[in-house]
Structures are given as structure tokens and as C-alpha cells.
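What follows is a short report on a single structure.
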């Protein structure tokens, strides 16, 4: 009976992990489509509105550091959970939450810098290059917010003592999604930063 229960738990864990990876795969395809559209638009050169030498906001550099640090703190939180150091788990989870919120704030600060440069998302002062950057960043922020919601659920469950070194599924799923959105921003940032030098 216990063996059957254990097998069911393993199957349930495997199915949830597979669902997460399918979801991540679809998100990768969505952002790959956006990047492809960005590249095609730049190569056509049919639109005089395209900026050849665009500059990313300084706040985007700050946000990159913040989100990479948040991945590190989530890893430290997971390591503490594996060692059943619950107080340290609490600390690292809240630090991760704070860094995630700071990331979202810095992204909006970056939008403010773009607006100060005279480029809005739409309207007569909009620009196709910056509009793409707006869309890419906003979609990514939406997924970071989804990650923050998952993190809040993890924190809630942590206080309900649902996690320990032998029961980490929910924690691991949230951590994997968080690391994905972190690495996604790293890829997007590097693409946008270096692409202007090769067009």
C-alpha cells in the first residue's frame, strides 16, 4: 500500500514537472517569435522609423543584476530547505521576493528613461524599435509577476510548514520557473544589447 502511494506521488510529481516544462517550452517559442520579428523588421530596412543605434536604459542593466541575484538567493533558499534550516529558508525567500519586486520597479524605471528620450509606445513620438523593446520587456514583466505570485504561494506554504527536505515539489516547481524567467531576461538583454552592433 505504501509502495503504491509512493508510486502515485512520483507519477504526480513527474506529471507536474512535465506540465511546467511544456509551459516553459511554449513561452520560449513565443519569445523566439518576437525576437524573429525584431530581426526581420531590422533587416527589411523598409521603415525609416527603425533606430540603427538604439540605447538600452541604464535601469535595464540594474534589473539584470537584480534578477540574477534573485536566482542565487532562490538557490540558497532551496539549499537551506534541503538542510531543514527553516529560518534561513524564510530569509532567502523574502530576499528573493524583494529582489523580484525591485526588478519590476527597475523595469518601469527603464520605461521612464525611454520616455525621457522621447519615445513612447504608441503615437506620433513612438518608434518601431522602441515599441518592440516595450513589448518584449512588458511580456517578460508579466511572467516575472507570475513568478512573484508563485513565490508568494511558496512563502505561504512555507509558513504552513508544507515543505521539508523530503517534500519539496512545490518549492522546486516555483524555483524552476523563477530561474527560467531570470535566464530569459539575461538572453533578451544580451540579444538587445549586442544586436545593435551587428545590424
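The values are calculated or read from the model by the stated rules, or taken from the named source; none is laboratory data. Computed from a prediction, not measured in an experiment: that's the story for all the values here. Using ideal geometry, Cβ is built from the backbone for each residue, glycine included, and neighbour counts are taken over all protein chains shown.
When region 72-90 is examined, which residues are found to be without any contact (Cβ under 8 Å) to a residue 24 or more places away in the chain and over 25 Å from residue 186 (Cα atoms)?
80, 85, 87, 88
Step by step: first the residues of region 42-61, then only those that are part of a helix (DSSP H, G or I) and surrounded by fewer than 17 Cβ atoms within 10 Å (Cβ to Cβ), then the one that is modelled with the lowest pLDDT. Which residue is that? Break it down into steps so the answer makes sense when it comes.
Restricting attention to region 42-61, the residues satisfying the condition of being part of a helix (DSSP H, G or I) are 42-44, 58-61.
When the remaining residues are screened for being surrounded by fewer than 17 Cβ atoms within 10 Å (Cβ to Cβ), the result is 43-44, 58, 61.
On the way: 43: 72, 44: 65, 58: 93, 61: 95.
Going through the qualifying residues, I end up with 44.
Considering only region 137-168, state which residues are in a loop (DSSP other than H, G, I, E, B) and within 22 Å of the chain's Cα centre (by Cα).
Passing the criteria: only 168.
Does residue 134 qualify as being surrounded by fewer than 17 Cβ atoms within 10 Å (Cβ to Cβ) and part of a helix (DSSP H, G or I)?
No; evaluated as a whole, the condition is false for this residue.
Given the conditions (1) surrounded by fewer than 16 Cβ atoms within 10 Å (Cβ to Cβ); (2) under 23 Å from residue 14 (Cβ atoms), report the number of the one that residue 173 does not fulfil.
In the conditions (1) surrounded by fewer than 16 Cβ atoms within 10 Å (Cβ to Cβ); (2) under 23 Å from residue 14 (Cβ atoms), residue 173 misses (1) alone.
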